[in-house]
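A short write-up of the structure that comes next.
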Amino acid sequence: MAVYTLNPLLDSRWGDFVERHPRGSIFHTPGWLEVLRRSYGYEPIVYTTSAPGTPLVNGIVFCRISSWLTGDRMVSLPFTDHCEPLVEDPEEVKEILGSLQCALGREKFKYIELRPLCANALTETGMQKNNSFCFHALDLHAELGELFGRLQKDSIQRKIRRAEREALFYEEGRSDTLLKKFYHLFVQTRRRHRVPPQPINWFRNVVTCLGDRLKIRVASKAGRPIASIITLRHSHTMVYKYGGSDASAHNLGAMPFLFWKAIQDAKVGGAQQFDFGRSDYDNAGLITFKDRWGSRRIELTYWRLPSQSAPSRGQWKRKLKFAGPIFACMPDRLLAASGRALYRHVG
């Protein structure tokens, strides 16, 4: 069985294939791949058993990451919580991964990484488990009233009602004004977590390349933005991707209010699932927050084909934790500059 490669930004078959595939996600789309290319120079490539000029029947998309700091590797996909291999036949999976195994040595990659929600097809391919996370998704098939009734009463329902009583001002859209409001809150939140933010140009590229698939949602009190989230939409799924808030206003319930607005929007628009994204297992507070929405929790595991010892995500987290006190004290401009310098090496 021959294995071929294609450029998903130039070959129109890829975009069409992603739109019709039941496991295709916003992260498979040419728009998201263009964000990665524009922002960090990551070049996307798809491996498939479909010959050039024929309809695509499968494909696994990767980005090549070249870094003097963290080494060269292939990741499916960087800055993406999950990215399914769009391959149905286990034998085709083995064939494609066999071709990647050859590329591993030939291109001198440190490793090749896959981030699937379901790893059934990978257990017999020679790949090794790497990092694991907690993933939450909310089934939206029930009526809105029933979905609201499933929310934890004290921490979610009451906070949503508190936000409504406070008459928080709600805005949504994709304007640069809304993006700046979001980014100011995002930087505050990253500072509290003692990690640098991604640069604002990353978010500008996300807005430009994803267009009406993206929505910025902002809640304000007395003219002051106090919480904001960014959601993405593809097919029957809405994805929560980024968020930021003013800690001094957490008692007003703005973040639960925004999530509920997004879920209502998803439901009205015909979505069947709300993707809350991944959480680190050591972030018990975030996991509990997502549990309280009545969402389903599963383990999300990343898999690697290693060629040599490479730093795990846990090692990089420990290094960032060591630098945390420095990030917490940096002025906004310097903190953002740290993000510009570091993130292209992380992926």
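Tabulated values for the structure
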{"item": "Residue match in the stretch 250-270 (condition: in contact with a Gly (Cβ under 8 Å, 6 or more places away or on another chain) and at pLDDT below 95)", "result": "no"}
{"item": "Residues located in the stretch 236-245, provided they are buried (at least 20 other Cβ atoms within 10 Å of the Cβ) and either touching a residue at least 60 places away in the same chain (Cβ under 8 Å) or out of contact with any strand residue (DSSP E or B) (no Cβ under 6 Å at 6 or more places or on another chain) (or both)", "result": "Val239, Tyr242, Gly244, Ser245"}
{"item": "Residue in the stretch 152-160 that is modelled with pLDDT under 95, surrounded by 13 or more Cβ atoms within 10 Å (Cβ to Cβ) and not aliphatic (A, V, I, L, M) present", "result": "yes"}
{"item": "Which listed residue, of Arg194, Arg224, is out of contact with any Ser or Thr (no Cβ under 8 Å at 6 or more places or on another chain) and surrounded by 15 or more Cβ atoms within 10 Å (Cβ to Cβ)", "result": "Arg194"}
{"item": "Only one of Ala142, Ala137 that is in contact with a Lys or Arg (Cβ under 8 Å, 6 or more places away or on another chain), in a loop (DSSP other than H, G, I, E, B) and modelled with pLDDT of 95 or more", "result": "Ala142"}
{"item": "Matching residues in the stretch 1-38 - criterion: being in contact (Cβ under 8 Å) with a residue 40 or more places away in the chain, of a type outside the set (D, E, K, R) and more than 19 Å from Leu210 (Cβ to Cβ)", "result": "Met1, Ala2, Val3, Tyr4, Thr5, Leu6"}
{"item": "Residue within the stretch 322-338 that is in a strand (DSSP E or B) and modelled with pLDDT under 95 present", "result": "no"}
{"item": "Tabulated pairs, the stretch 80-91, first free of Cβ contacts under 8 Å to residues at least 60 places away in the same chain, second aromatic (Phe, Trp, Tyr), C-beta under 7 angstrom, 6+ apart or interchain", "result": "Thr80/Phe27; Cys83/Phe27"}
{"item": "Scan of the stretch 12-35 for residues that are in a loop (DSSP other than H, G, I, E, B), buried (at least 17 other Cβ atoms within 10 Å of the Cβ) and not β-branched (Val, Ile, Thr), ordered by number", "result": "His21, Gly24, Ser25"}
{"item": "Only listed residue being in the same structural domain as Gln198 (by TED's automatic domain parsing), under 21 Å from Val206 (Cβ atoms), out of contact with any Pro (no Cβ under 6 Å at 6 or more places or on another chain) and of a type in the set (Gly, Ala, Ser), chosen from Gly244, Gly277, Gly253", "result": "Gly244"}
{"item": "Qualifying residue in the stretch 60-69 (condition: in contact with a Cys (Cβ under 7 Å, 6 or more places away or on another chain) and in contact (Cβ under 8 Å) with a residue 60 or more places away in the chain)", "result": "no"}
{"item": "Looking only at the stretch 168-222, and only at residues there that are of a type in the set (Lys, Arg) and under 16 Å from Tyr240 (Cβ atoms), the one that is farthest from the chain's Cα centre (by Cα)", "result": "Arg217"}
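The values are calculated or read from the model by the stated rules, or taken from the named source; none is laboratory data. Fair warning: this is a prediction, and the values are worked out from it, not measured in the lab. Heads up, the Cβs are rebuilt from the backbone with ideal geometry, glycines too, and the neighbour counts pull from every protein chain shown.
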